[in-house]
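Visitor: Let me give you the structure first, and then I'll get to my questions.
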Amino acid sequence: MPLRRIRSIRYKLFAGVGLISVVGLLVASTLLVTYEMRSYRSDWESDLQTQARLLGHTNAPALLFHDEKYATENLATLRLKPLILAAAIYDAQGQLFAHYGDAVLPERPGLEVIQVIGQQMELFKPIVENNERLGTIYLVGNYEWLGRLKNYLLIVLLICSFALLVSAVLVWGLQKTITQPVLGLAEVARRVMEQRNFDLRAEKTTADEVGYLVDAFNDMLVEVGQSTQALEQSNRDLALALTSRQQLQQRFQRVVESAPSAMVMVNREGLIEMVNVQAERIFGYARAELLGKKMEILLPQRYRAEHPGLRTSFFADPTPRSMGAGRDLFARRKDGSEFPVEIGLNPIEMEEGLMVLSAIVDISERVRAANRLAEHAKELERSNKDLDTFAYVASHDLKSPLRGINQLASWITEDMQDNLPPSVDKHLQLMRSRITRMERLLDDLLSYSRVGRVENKIGKVNVADTVRDLFALATPPPGFKLVLGDDLPVLTTPVAPFEQVVRNLLANAVKHHDKHEGTIEFSAQYDGEGARYLFSVRDDGPGIPPEFHQRVFNMFQTLKPRDEMEGSGMGLAFVKKVVENYGGVVNIESDGVRGALFRFSWPAQWDDHSTKGAVK
Amino acid sequence: MKRGKWICVVILIGLIPMLASLAHAQQVTATSVKATYLYKFGLYVEWPSETFPQARTPLVIGVPETDSIVPDLLAITADGNIKGRPIIVKLLKPGDRLNGVHILYIDALTESGRTLLGAAQGLPILTVTDGDVPDWRKGALHFVIENGRVRFEAWLAVAARQRLQLGTQLIKVALNAPGGS
C-alpha cells in the first residue's frame, strides 16, 4: 500500500481522507451521472410521448375529417419547440398525411417504438380516437445526450474539485486538531531519543485518547528517566568501584613489591600467583620461574609432603597468623641451600578468589645474632660468677687482715695506755678509722656487686612508716626534722632494695648537711602511665653544683675529702644501680647553692617481669 | 402466340392493384364520406346531460328514409359506437316526431327536410344540413364540397340554439366557425 510508505501520520491522514473522498466522489458522480442520463432519457421519452399524445389528440379530427391543412399547420407549431426536429402524421393507411421539418421521413410508419439513433430520439405512436386507430404520429427529437453528458461531467468535475478542495481544507484543519498532539508527541519522542533527555515532557492539549496517550507517555518518561538515572548512577558506581578496585589492586601490588620482606601469594591449589623482588632475591629464582609453579619448590624436601594438608587447613580457617608457631621453619633456595625463616600468613580476597599472602623473612642473621648473644650471656654469667667469687673472696680475704690490723692497733693502744704520745694515738685512731672505712667500703662493694643477682623477699612496704624508721636510723642531729608528703602509698615490692635506696638517700641528705638544723621532705607522686611512683627526697643542705650531677652517681665519688666526710663514696652509685635494676631512673635537681632534690621512680605493682635481673 | 398470352396475363396481374384501387375509389363517394362524418360528429359534440340518461343510451341518428345517404350510413354505423354508445339510425318519414334523435341529417333543398329542420328547432339535436342554401337555412353543421372534397361548416349560433356545444377540435377543422348568423 502506498499509504504505508508515507512516514508522517499527517500525510497519511491527508492521503487517506483524500483517497476516500476521491473514491466516494467518483462513485457518487458515476451514480449521479448514470441516474441523470437515465432520468434525462426517461424525461425525453416521457416528453416525446406526451408530445405525441397531444399531437395525436389534436390532429385526430384532422385525420378523421381529412383536414391535412389543419394537421400541417398544427405540426408547424412545433417550431416553438426547437428540440423537436421533425414530425409527421400518417393516416390509417400508412400514407404520409402531414409533416414538419426538413428531416428525411420514413416512407411508412413503423411499429410503436421509441429509440435513440445517434443524437436523435425518434418515436412512432398510433393515433387512436374512440378506440379506432386513425393514424400514426412520428416525432424526431434533438436528443443531445452526449452534450448533456459532457456538460454534466463538467459540472460533476467542478463539484468534485470544489468538494475535494473543501475537503482538503477541512481535513487540513481537522488533521491539525487530531495530528498536532500526536505530532507534538512524536517530536518530543524524537528529541528524547536524540538528546537522551528524559526531563522533556509532551504538552497535553486534548482530553481525548491522544491526551491519555500524552499522559501515559509522560509517566513513562518519568519512569524511564528514573530508571536511566539509576542505571547511569549504577554504572558510574560500578566504574568507580572498578577503578578503585584496580587502583587498590595496583596499590596492593606496589605495597607488596616494595615490602621489605619476601612476599609470595598462593592460591587454593598452591600455585604461586605473585612474588616480589625480595622473594626473587632471597630464593634466588627469577619471577618467571616462580609464577604458576607449586609453592612447595620453596620448601625443603622434608616438608613438602605435609604442606598441602596444612594449606587446606589454612583455607578452611583463613585468619592471619604466623606459620609454624614454636617450630623452626626453613626455606629452600634455588641452589638447594636452606635458610631459617619466619612466615606470616594473611588471607587475601582477590577477584580470582581467596589467596594466601605469605610474608617470608630470612632470619639467618637474627638466628646468628641470637646464638652469639646466648654465648655472650653464658660468658657473662660465668664472668659474673667469677666476679662474685672474687668479690666475696676479696672482701672476706681483705677484711681478715684489716680486722687483724685493727686488732693490733687496739692492742697497741691498750698496751701503751697512757704512754702513748698524742701524735701516735692520733695516728692510731686515724688508722683504725681508715680500717673501719675500708671494711665498710668492702661491704658496700660486696653489696653493690650483688645488686640484681640476689633474690629479694617481696613484702608489703608502708612507705611512710619505712621512711620514718630509716630516718631515725640515719641518726640525724636533733635539729633535723622529717616532713612526709600526703598519700604515701603502701607498696608490694622487694623490701630490701627499696629500703636500701631510701636509706642511702636519707643518709646522704643528713650526712652532707652543713647545718645543725635541717628539713628533709619525702613525698610520692603516682605516674599512671608508667605504673610507677615517683618518689622525691628534698633537703635544704648545701646542694650539688650542676657539673657534679652525673659524677655523684659514680663509684667512689665524694665531693669532700674522705677524712672530712665519712663515707665510702658508694651510696649514690648503689642507689642508681638498684633503681635502674628495677627499671627506674634517678636524677638530681640542685643549683649547688642551697638544697638538693633526688627523684627516683619505683614500680607501683610488683610482678615477675617488673625487673629484668632481680631474681638472678 | 403463346408469348402474347403470357404478356396479357402479366399485364392483367399488374393491373389488379390498380383495379382494386379503382374499385375502392369508386366506393369512397361523397355520400359515404358524409355518412362517415355524420357518424364521427358525435365524438366532438356535447349534448345536455339529460339527453343521455345512461352511459349506454344509444346515439340516434335520424335521416329521411328516402335520402341517398341511408345505405352508406347504415353500412358504416353497423357495428360502430360513439364513446361506447351504440349507434341507431332512425329512418324518418314526413311528420315523424324527432323524439330521441340526437343527430338529424337533412337535405335542406327538400321540403321535407325543411320541415324536419323546423321541428328540430330548440331541441338538443345536432342538425346537419346539405345543399346549396342560404345560411339561415343551414344547420349547426353544413356539408360543402371544396375542391372536390367534402368539408363542413360549423354554425355555432345554431348549435347554441340547439343547446349543443361543438368541440374545439371540430370547430378547428371546420371551414368556418362564425359565432352565428
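Visitor: State the number of residues belonging to the stretch A:486-516 that are touching a residue at least 40 places away in the same chain (Cβ under 8 Å) and charged (D, E, K, R). Can you show your working first?
Guide: Residues of the stretch A:486-516 touching a residue at least 40 places away in the same chain (Cβ under 8 Å): A:489, A:491-494, A:496-498, A:500-501, A:504-505, A:507-509, A:511-512.
Now narrow it down to the ones that are charged (D, E, K, R): A:511.
Residues flagged as touching a residue at least 40 places away in the same chain (Cβ under 8 Å) and charged (D, E, K, R) within the stretch A:486-516 amount to 1.
Visitor: Could you grab the pairs with beta carbons closer than 7 Å, sequence gap of 6+ or different chains, first residue in the stretch B:95-118 and in contact (Cβ under 8 Å) with a residue 40 or more places away in the chain, second one surrounded by 16 or more Cβ atoms within 10 Å (Cβ to Cβ) and basic (Lys, Arg)?
Guide: B:Val101/B:Lys90
Visitor: On to the next question. Of the residues A:Ala305, A:Ala239, which is under 23 Å from A:Glu349 (Cα atoms), exposed (fewer than 15 other Cβ atoms within 10 Å of the Cβ) and of a type in the set (Gly, Ala, Ser)?
Guide: It is A:Ala239.
Visitor: Of the residues A:Arg453, A:Arg468, only one is open to solvent by 50 Å² or more (accessible area, probe 1.4 Å) and either among the hydroxyl-bearing types (Ser, Thr, Tyr) or modelled with pLDDT of 80 or more (or both); which?
Guide: Exactly one residue qualifies, and that residue is A:Arg468.
Visitor: Follow-up question, since we're still on this one. In the set A:Ala62, A:Ala87, A:Ala98, which member is touching a residue at least 40 places away in the same chain (Cβ under 8 Å) and either surrounded by 21 or more Cβ atoms within 10 Å (Cβ to Cβ) or at positive phi (or both)?
Guide: A:Ala87
Visitor: Somewhere in the stretch A:23-34, is a residue touching a Ser or Thr at 6+ places or on another chain (Cβ under 9 Å) and open to solvent by 30 Å² or more (accessible area, probe 1.4 Å)?
Guide: Residues of the stretch A:23-34 touching a Ser or Thr at 6+ places or on another chain (Cβ under 9 Å): A:25.
Applying the additional criterion that residues be open to solvent by 30 Å² or more (accessible area, probe 1.4 Å) yields A:25.
Yes, the stretch A:23-34 contains a residue that is touching a Ser or Thr at 6+ places or on another chain (Cβ under 9 Å) and open to solvent by 30 Å² or more (accessible area, probe 1.4 Å).
Visitor: Does A:Arg382 count as modelled with pLDDT of 85 or more, charged (D, E, K, R) and under 30 Å from A:Gly270 (Cα atoms)?
Guide: Details: modelled with pLDDT of 85 or more: yes; charged (D, E, K, R): yes; under 30 Å from A:Gly270 (Cα atoms): no.
Taking the combined requirement at face value, the residue does not satisfy it.
Visitor: Would you mind stating whether B:Tyr39 is among the hydroxyl-bearing types (Ser, Thr, Tyr) and modelled with pLDDT of 90 or more?
Guide: Working: among the hydroxyl-bearing types (Ser, Thr, Tyr): yes; modelled with pLDDT of 90 or more: no.
No, not satisfied.
Visitor: Among the residues of the stretch A:334-343, are any among the small types (Gly, Ala, Ser) and either free of Cβ contacts under 8 Å to residues at least 60 places away in the same chain or open to solvent by 70 Å² or more (accessible area, probe 1.4 Å) (or both)?
Guide: Step one: of the stretch A:334-343, the residues among the small types (Gly, Ala, Ser) are A:336-337.
Okay, now just the ones that are also either free of Cβ contacts under 8 Å to residues at least 60 places away in the same chain or open to solvent by 70 Å² or more (accessible area, probe 1.4 Å) (or both), so A:336-337.
Yes, the conditions are met somewhere in the stretch A:334-343.
Visitor: Check the stretch A:13-23 and report whether any residue there is away from chain B (no Cβ under 12 Å), more than 30 Å from B:Arg149 (Cβ to Cβ), at pLDDT 90 or above and part of a helix (DSSP H, G or I).
Guide: The first filter runs over the stretch A:13-23 and keeps only residues away from chain B (no Cβ under 12 Å), leaving A:13-23.
Subset that is more than 30 Å from B:Arg149 (Cβ to Cβ): A:13-23.
From what's left, at pLDDT 90 or above: A:23.
From what's left, part of a helix (DSSP H, G or I): A:23.
Scanning the stretch A:13-23, I find at least one residue that is away from chain B (no Cβ under 12 Å), more than 30 Å from B:Arg149 (Cβ to Cβ), at pLDDT 90 or above and part of a helix (DSSP H, G or I), so the answer is yes.
Visitor: Among the residues of the stretch B:38-61, which ones are buried (at least 20 other Cβ atoms within 10 Å of the Cβ) and either out of contact with any strand residue (DSSP E or B) (no Cβ under 8 Å at 6 or more places or on another chain) or within 14 Å of another protein chain (Cβ to nearest Cβ) (or both)?
Guide: B:Leu38, B:Tyr39, B:Lys40, B:Phe41, B:Gly42, B:Tyr44, B:Val45, B:Leu59
Condition check ((1) aromatic (Phe, Trp, Tyr); (2) in a helix (DSSP H, G or I)) across all residues:
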site	(1), (2)
A:Asp514	no, no
A:Thr519	no, no
A:Tyr526	yes, no
A:Gly530	no, no
A:Phe535	yes, no
A:Arg538	no, no
A:Gly543	no, no
A:Glu547	no, yes
A:Val552	no, yes
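Visitor: Out of the residues in the stretch A:139-167 that are within 19 Å of A:Arg38 (Cα to Cα), in contact (Cβ under 8 Å) with a residue 40 or more places away in the chain and open to solvent by less than 60 Å² (accessible area, probe 1.4 Å), which is farthest from the chain's Cα centre (by Cα)?
Guide: Ranking the qualifying residues of the stretch A:139-167, first place goes to A:Val140.
Visitor: Ok, one more. Open to solvent by 50 Å² or more (accessible area, probe 1.4 Å) and of a type in the set (D, E, K, R): does that describe A:Arg311? Walk me through how you get there before you give the answer.
Guide: On the way: open to solvent by 50 Å² or more (accessible area, probe 1.4 Å): no; of a type in the set (D, E, K, R): yes.
No; evaluated as a whole, the condition is false for this residue.
Visitor: Hey, another quick one. Condition first: of a type outside the set (Gly, Ala, Ser) and farther than 17 Å from A:Ala316 by Cβ. Now tell me which residues in the stretch A:341-356 satisfy that. Show your work before the answer.
Guide: Looking only at the stretch A:341-356, we keep the residues that are of a type outside the set (Gly, Ala, Ser), and these are A:341-343, A:345-352, A:354-356.
A:Val341, A:Glu342, A:Ile343, A:Met350, A:Glu351, A:Glu352 - these are the residues of the stretch A:341-356 that are of a type outside the set (Gly, Ala, Ser) and farther than 17 Å from A:Ala316 by Cβ.
Visitor: Additional query: If a residue counts only when it is within 12 Å of another protein chain (Cβ to nearest Cβ), which strands (runs of 3 or more DSSP E) contained entirely in the stretch B:111-181 have at least 3 such residues?
Guide: Values: elements: B:126-130, B:141-146, B:149-154.
The qualifying strands (runs of 3 or more DSSP E) are B:141-146, B:149-154.
Visitor: Residue pairs, Cβ under 8 Å, 6 or more apart or interchain, first in the stretch B:142-166 and over 13 Å from B:Phe41 (Cα atoms), second among the basic types (Lys, Arg) and open to solvent by less than 60 Å² (accessible area, probe 1.4 Å). List them.
Guide: B:Val144/B:Arg151; B:Ile145/B:Arg151; B:Val150/B:Lys34; B:Trp155/B:Lys138; B:Val158/B:Lys138
Visitor: So, one more: Go through A:Arg245, A:Arg254 for me and flag whichever is free of Cβ contacts under 8 Å to residues at least 60 places away in the same chain and closer than 30 Å to A:Leu291 by Cα. Show your work before the answer.
Guide: Details: A:Arg245 fails: free of Cβ contacts under 8 Å to residues at least 60 places away in the same chain.
When all the criteria are applied, what remains is A:Arg254.
Visitor: From the residues in the stretch B:133-149 that are of a type in the set (A, V, I, L, M, F, W, C) and open to solvent by 60 Å² or more (accessible area, probe 1.4 Å), which one is nearest to B:Leu175 (Cα to Cα)? I'd like the intermediate steps shown before the answer.
Guide: Filtering the stretch B:133-149 for residues of a type in the set (A, V, I, L, M, F, W, C) gives B:133, B:136, B:140-141, B:143-145.
From what is left, the residues that are open to solvent by 60 Å² or more (accessible area, probe 1.4 Å) are B:136, B:145.
Working: B:Trp136: 17, B:Ile145: 11 Å.
Checking each candidate, the answer is B:Ile145.
Visitor: Can you go through B:Ile87, B:Ile76 and tell me which one is open to solvent by 40 Å² or more (accessible area, probe 1.4 Å), within 14 Å of chain A (Cβ to nearest Cβ) and outside any loop (DSSP other than H, G, I, E, B)? Reasoning before the result, please.
Guide: Values: B:Ile87 fails: open to solvent by 40 Å² or more (accessible area, probe 1.4 Å).
Matching residue, one of B:Ile87, B:Ile76: B:Ile76.
Visitor: Could you check, for the stretch A:521-528, whether at least one of its residues is open to solvent by 20 Å² or more (accessible area, probe 1.4 Å) and modelled with pLDDT under 85? I'd like the intermediate steps shown before the answer.
Guide: Step one: filter the stretch A:521-528 for residues open to solvent by 20 Å² or more (accessible area, probe 1.4 Å), giving A:521, A:523-528.
Keeping just the survivors that are modelled with pLDDT under 85 gives A:527-528.
Within the stretch A:521-528 (the criterion being open to solvent by 20 Å² or more (accessible area, probe 1.4 Å) and modelled with pLDDT under 85), the answer is yes, since at least one residue qualifies.
Visitor: Still on this structure, I have one more. Look at A:Arg304 and say whether it is touching a helix residue (DSSP H, G or I) at 6+ places or on another chain (Cβ under 9 Å), charged (D, E, K, R) and modelled with pLDDT of 85 or more. Full working, then the answer.
Guide: Working: touching a helix residue (DSSP H, G or I) at 6+ places or on another chain (Cβ under 9 Å): yes; charged (D, E, K, R): yes; modelled with pLDDT of 85 or more: yes.
It is true that A:Arg304 is touching a helix residue (DSSP H, G or I) at 6+ places or on another chain (Cβ under 9 Å), charged (D, E, K, R) and modelled with pLDDT of 85 or more.
Visitor: OK, next. Go through (1) in contact with a Pro (Cβ under 6 Å, 6 or more places away or on another chain); (2) touching a residue at least 60 places away in the same chain (Cβ under 8 Å); (3) among the acidic types (Asp, Glu) and name the single condition A:Asp388 misses.
Guide: A:Asp388 satisfies all of (1) in contact with a Pro (Cβ under 6 Å, 6 or more places away or on another chain); (2) touching a residue at least 60 places away in the same chain (Cβ under 8 Å); (3) among the acidic types (Asp, Glu) except (1).
Visitor: Would you call A:Gly292 touching a residue at least 40 places away in the same chain (Cβ under 8 Å), within 23 Å of A:Gln249 (Cβ to Cβ) and surrounded by fewer than 16 Cβ atoms within 10 Å (Cβ to Cβ)?
Guide: Values: touching a residue at least 40 places away in the same chain (Cβ under 8 Å): no; within 23 Å of A:Gln249 (Cβ to Cβ): yes; surrounded by fewer than 16 Cβ atoms within 10 Å (Cβ to Cβ): yes.
For A:Gly292, the condition - touching a residue at least 40 places away in the same chain (Cβ under 8 Å), within 23 Å of A:Gln249 (Cβ to Cβ) and surrounded by fewer than 16 Cβ atoms within 10 Å (Cβ to Cβ) - is not met.
Visitor: Moving on to the next point. Is the stretch A:388-402 home to any residue that is β-branched (Val, Ile, Thr) and open to solvent by 50 Å² or more (accessible area, probe 1.4 Å)?
Guide: As a first pass, look at the stretch A:388-402 and keep what is β-branched (Val, Ile, Thr): A:389, A:393.
From the residues that got through so far, the ones that are open to solvent by 50 Å² or more (accessible area, probe 1.4 Å) too are A:389, A:393.
The answer is yes, given that some residue of the stretch A:388-402 is β-branched (Val, Ile, Thr) and open to solvent by 50 Å² or more (accessible area, probe 1.4 Å).
Visitor: Name the single residue, out of those in the stretch A:403-439 being surrounded by 12 or more Cβ atoms within 10 Å (Cβ to Cβ) and among the small types (Gly, Ala, Ser), that is nearest to the chain's Cα centre (by Cα).
Guide: A:Ser433
Visitor: If you don't mind, there's one more thing I want to ask. Tally up the residues in the stretch A:190-221 that are part of a helix (DSSP H, G or I), open to solvent by 30 Å² or more (accessible area, probe 1.4 Å) and touching a residue at least 24 places away in the same chain (Cβ under 8 Å), please.
Guide: Quick first cut of the stretch A:190-221, residues part of a helix (DSSP H, G or I) only: A:190-195, A:209-221.
From what's left, open to solvent by 30 Å² or more (accessible area, probe 1.4 Å): A:190-191, A:193-195, A:209, A:212-213, A:215-217, A:219-220.
Now narrow it down to the ones that are touching a residue at least 24 places away in the same chain (Cβ under 8 Å): A:213, A:217.
Total satisfying the criteria: 2.
The values are calculated or read from the model by the stated rules, or taken from the named source; none is laboratory data. Only a predicted model underlies this, so the values are computations on that prediction, with no experimental measurement involved. So basically every Cβ, Gly included, is an ideal-geometry build from the backbone, and we count neighbours across all protein chains shown. Calculation scope for accessible area: heavy atoms of the full protein, side chains included, ligands and nucleic acids excluded. Shrake-Rupley method; radii C 1.70, N 1.55, O 1.52, S 1.80 Å.
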